[in-house]
1. May I ask you to list the residues in the stretch 125-142 that are under 17 Å from the mean Cα position of the chain (by Cα) and of a type in the set (A, V, I, L, M, F, W, C)?
2. Can you tell me which condition residue 257 does not meet? The list is (1) modelled with pLDDT under 95; (2) closer than 27 Å to residue 19 by Cα, and all the others hold.
3. Conditions: (1) outside the structural domain of residue 122 (by TED's automatic domain parsing); (2) out of contact with any strand residue (DSSP E or B) (no Cβ under 9 Å at 6 or more places or on another chain). Residue 189 meets all but one. Number of the miss?
4. Could you say which residue among 214, 161 is among the β-branched types (Val, Ile, Thr) and more than 27 Å from residue 46 (Cβ to Cβ)?
5. Specify which of the listed residues (204, 180, 174) is closer than 22 Å to residue 128 by Cα and part of a helix (DSSP H, G or I).
6. Those residues that are acidic (Asp, Glu) and either at pLDDT 95 or above or within 16 Å of the ligand (Cβ to nearest atom) (or both), I need them from the stretch 195-214; list them, please.
7. Which one is nearest to the ligand (Cβ to nearest atom), of the residues in the stretch 80-117 that are surrounded by 15 or more Cβ atoms within 10 Å (Cβ to Cβ) and in a helix (DSSP H, G or I)?
8. All but one of (1) of a type outside the set (Gly, Ala, Ser); (2) assigned by TED's automatic domain parsing to the domain that holds residue 14; (3) part of a loop (DSSP other than H, G, I, E, B) hold for residue 230, so report the exception by its number.
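The values are calculated or read from the model by the stated rules, or taken from the named source; none is laboratory data. Everything quoted here is computed from the prediction, not taken from an experiment. Backbone-built Cβ (ideal geometry, glycine too); neighbour counts: all protein chains shown.
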Amino acid sequence: MPHLPEILAQLNADMRATDDWGDIAAYIPQLASVDPAQFAIVVTTADGEVFTAGDVDTPFSVQSITKIFTLAIALGRSGDQLWKRVGREPSGRAFNSIVQLEAEQGRPRNPFINAGAIVTTDEVLTGREPRETLAEILQFVRAAASDDDIHINEKVAASETAHGHRNFALAHFLASCGNLNNAPEKTLGTYFHHCAIDMSARQLAMAGRFLIETDKLPRMILPARIRRLNALMLTCGHYDGSGDFAYRVGLPAKSGVGGGILAIVPGRASIAVWSPGLNRYGNSKKGTQAMARLAREMGWSIF
Ligand code: DON
């Protein structure tokens with residue numbers, strides 16, 4: 001990738017040149033103190049190259065990006081049975097919206113909005129204890145990243161548990177519709193803990209390699225499943241901002257409220273960006289801008 005180092009260095013400099021960083025996710029108090037003026041970008045290729053610029057080794061809360069790993073495990077476990085409990089259509093609503101769930105009888109639109117991820121977490125948890133479930137999710141993430149130094153941030157998990165009233169409402173509503181196998185507190189405890197995994201942009205890009213679909217890397221899940229996860233990332237990975245992201249970037253991607261975005265260039269690369277300030281959809285503001293520019297300059301798009 002000849003020009004990639006220069007492109008990333010320039011992007012890093014340009015992103016830091018203006019101070020419109022966006023807003024930190026203050027609804028999780030433990031995240032509210034993060035300095036918004038940070039930026040990192042990492043590209044890992046199918047050929048094993050790694051290109052970086054910015055704060056690439058600073059750990060951050062990956063939050064909703066972990067929903068990809070939980071979904072991969074849930075599909076591996078339950079296959080298409082999972083779709084009885086959760087849909088695969090874009091929601092067109094905020095990631096933590098309640099209103100659609102009632103209108104659709106407790107079957108969340110997709111596995112990436114909070115209600116849907118609570119269901120996939122519940123599916124993985126069924127028949128096991130939270131500790132085993134979290135160990136499996138962590139093991140998957142560490143294997144994907146080829147890095148064992150990836151951990152759950154207990155302070156972030158505790159902060160969300162203490163303030164996650166919206167998620168408790170969603171979980172109890174799911175339970176009232178018969179769409180939760182475990183007690184809401186048990187499923188949510190597991191959900192909050194996997195969302196609280198800390199990773200650096202370098203670790204996240206490495207972990208994303210399992211979604212590239214290439215013979216050059218060890219395979220963790222079936223190719224057909226890789227394609228389906230990518231399809232869901234494209235259509236649902238940025239919530240009600242998914243259409244805008246697909247228009248501007250043209251790559252499957254998943255965001256987290258900690259300011260990370262993981263994007264995939266099928267067959268070629270995994271990209272992680274991180275900048276903790278968010279746009280109005282709850283997705284990284286500078287991260288989205290940087291992804292759009294990188295995709296344009298590299299000619300990377302699935303279209
Ligand atoms: O449940 C929540 O609200 C958070 N643990 C995750 C939300 C999130 O990351 C939304 N992404 N942009």
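1. 134, 137, 138, 140, 141
2. (1)
3. Result: residue 189 passes all but (1).
4. On the way: 214 fails: more than 27 Å from residue 46 (Cβ to Cβ).
Every option except 161 fails the conditions.
5. Unique residue meeting the criteria: 174.
6. Result: 198, single match.
7. 114
8. Going through the list (1) of a type outside the set (Gly, Ala, Ser); (2) assigned by TED's automatic domain parsing to the domain that holds residue 14; (3) part of a loop (DSSP other than H, G, I, E, B), residue 230 breaks only (3).
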